[in-house]
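A short write-up of the structure that comes next.
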Amino acid sequence: MNEEDHRKAVRESLEVIKEAVYKGMEQRQRTLGFHCSAVAIDLLELFLHQQNCISPGKILKHDFFSSEKKALRKLPEEFPDKEKVIAMVVKLEAKRNSLCYGKRKPKKDVEEYLALFRTIQQFLETKGIKADGE
């Protein structure tokens, strides 16, 4: 996917996240799980393209981050703060599956998931990758 397509996907998912929070995060857990994960992966892919760490044709999938070991195997390239980024995304993905496929979680758990997502988003912003495309 090219940069503009990533950015369009990010904007769409951020809009859906905002709507889900507005309508009630407890009732929209699956939506939040899917879209927060999608945005995190898109932003990470943009970052890795920016760093020339992966080829333009390489696609990251959320399930690459089902464990740190798998993520390291799927992303052998070196990039700044690699271990930190992978650890955060692995943690997000573990919670994603619980929100998307498990029983309803308390509001506190959903808020923690959103906070983790925002931490990843803010971290990548410090690396020059802004979710809003600016």
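The values are calculated or read from the model by the stated rules, or taken from the named source; none is laboratory data. The model shown is predicted, which means the values in this text are computed figures rather than measured ones. All Cβ positions, glycine included, derive from the backbone under ideal geometry; neighbour counts span all protein chains shown.
With the structure loaded, tell me whether Asn52 is in contact (Cβ under 8 Å) with a residue 40 or more places away in the chain and either under 23 Å from Gly102 (Cα atoms) or over 11 Å from the mean Cα position of the chain (by Cα) (or both) or whether it fails that test. Reasoning before the result, please.
Working: in contact (Cβ under 8 Å) with a residue 40 or more places away in the chain: no; either under 23 Å from Gly102 (Cα atoms) or over 11 Å from the mean Cα position of the chain (by Cα) (or both): yes.
No: the conditions fail for Asn52.
Return the total of residues in the range 84-125 being in contact with a helix residue (DSSP H, G or I) (Cβ under 8 Å, 6 or more places away or on another chain) and more than 20 Å from Lys61 (Cβ to Cβ).
9
Please work out which residue is modelled with the lowest pLDDT, limiting yourself to the range 118-133 and to residues that are assigned to a loop (DSSP other than H, G, I, E, B) and closer than 17 Å to His49 by Cβ. Talk me through it step by step, then tell me what you get.
Of the range 118-133, the ones assigned to a loop (DSSP other than H, G, I, E, B) are 127-133.
Now restrict to residues that are closer than 17 Å to His49 by Cβ: 127-131, 133.
Numbers: Lys127: 93, Gly128: 91, Ile129: 93, Lys130: 87, Ala131: 79, Gly133: 51.
Across the range 118-133, the extreme among qualifying residues is Gly133.
On the given criteria, is Phe47 under 16 Å from Ser13 (Cα atoms) and part of a helix (DSSP H, G or I)?
Judged against the criteria, Phe47 is not a match.
Which one is surrounded by the most Cβ atoms within 10 Å (Cβ to Cβ) among residues in the range 1-42 that are outside any helix (DSSP H, G or I) and free of Cβ contacts under 8 Å to residues at least 40 places away in the same chain? Don't jump to the end; show me each part of the working.
If we filter the range 1-42 for residues that are outside any helix (DSSP H, G or I), which is where we start, we get 1-2, 25-28.
Of the ones still in play, those that are also free of Cβ contacts under 8 Å to residues at least 40 places away in the same chain are 27-28.
On the way: Gln27: 11, Arg28: 19.
Going through the qualifying residues, I end up with Arg28.
Can you pull out the residues in the range 95-110 that are loosely packed, with under 14 Cβ neighbours inside 10 Å and in a helix (DSSP H, G or I)?
Tyr101, Lys107, Lys108
Scan Ala115, Ala71 and give me the residue that is within 22 Å of Ala20 (Cα to Cα) and modelled with pLDDT of 95 or more.
Just a single option satisfies the conditions, and that option is Ala115.
Output the number of residues of the range 74-88 satisfying the condition of being closer than 17 Å to His49 by Cα and outside any loop (DSSP other than H, G, I, E, B).
Counting residues in the range 74-88 that are closer than 17 Å to His49 by Cα and outside any loop (DSSP other than H, G, I, E, B) gives 4.
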